[in-house]
1. Length gain on complete extension for the stretch Q132 to H61, per 0.36 nm per residue less the alpha carbon to alpha carbon distance?
2. Let me see the P(r) profile for region 38-173: every Cα-Cα distance counted, bins of 10 Å, each bin given as a percent of all pairs.
3. Only four residue types carry charge here, +1 at the Cβ of Lys and Arg and -1 at the Cβ of Asp and Glu. Report the dipole size of region 61-158 about the Cα centre in Debye, rounded to the nearest 20.
4. What is the local net charge at S48, summed over the other residues whose Cβ is closer than 10 Å to its Cβ (Lys, Arg +1; Asp, Glu -1)?
5. Multiply the residue separation of Q158 and K96 by 0.36 nm, subtract the distance between their alpha-carbon atoms, and state the gained length in nm to one decimal.
6. Calculate, in nm to one decimal, what N168 and L146 gain on full extension: separation in residues at 0.36 nm each, minus their alpha carbon distance.
7. Which is farthest toward the positive dipole end of region 48-175 among S138, L167, A106, measuring Cα position about the Cα centre, with Cβ charges +1 (Lys, Arg) and -1 (Asp, Glu)?
Amino acid sequence: MTKNIRLTILALTVLTVFFCSSCSSRIQKYPLLKPSPTYTLKHSAVLSIEKKRIPLRGMLHYEPQYKQAKVVILSDMGMKLLIAEIKADGTGYHSKPLFISPFLRAIPNFYAECMRCIYKIYLAPEKDKSDQLTLTESGIVHIGNLNFAKHIIIKNNQKNYTLELFLNSGEQMEP
């Protein structure tokens with residue numbers, strides 16, 4: 001009988017070790033990453049090319065944690081002109097046009113300069129903010145956890161344009 005008890009204890013020990021080890025290997029705890037908030041910003045703007053002034057409106061869906069944004073640009077009458085995505089990395093930025101109106105295609109380098117301005121304002125690290133674009137910011141609007149410039153003037157004397165942005169409203173969207 002002692003032999004049966006020993007075998008039973010050994011079997012129970014083996015089974016206990018087996019079940020405990022198999023259960024513990026399946027239960028893994030991963031640290032929960034708190035998703036970052038995103039921001040929706042609505043702007044009005046005036047693009048001045050030489051002596052022509054083009055009023056614009058725009059909306060930016062900005063994800064600072066991922067250094068990316070989606071932009072929609074409309075004419076002052078609400079006609080869709082441009083939809084694009086832009087993402088910054090250590091080498092600069094990459095953009096993807098989702099829609100460009102024929103009107104904007106007629107303006108040389110409009111898309112490239114638009115993406116460059118968004119990069120400079122929202123996505124560029126501080127060290128990358130010096131180039132041919134002159135950026136002047138005034139006023140601060142606190143939205144959620146971040147501060148945004150109320151009024152921004154971007155000048156590119158080399159390409160002879162000025163973009164003036166006015167932040168009309170914005171909101172922080174929790175994930």
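1. Here the answer is 23.0 nm.
2. Bins of 10 Å from zero give 12, 45, 38, 5 percent of pairs.
3. Values: 12 positive and 9 negative charges, 25 e Å.
Using Cβ point charges on Lys, Arg, Asp and Glu, region 61-158 gives about 120 debye.
4. Net of charged neighbours comes to +2.
5. Working: separation 62, 0.36 × 62 = 22.32 nm, distance 2.49 nm.
The Q158-K96 span can extend by a further 19.8 nm.
6. Contour length minus the Cα-Cα distance gives 6.4 nm.
7. Of the options given, the answer is A106.
Where a number appears in this text, it was derived from the coordinates with a stated rule and is not lab data. Note that this is a predicted model, so its numbers are computed, not measured. So basically every Cβ, Gly included, is an ideal-geometry build from the backbone, and we count neighbours across all protein chains shown.
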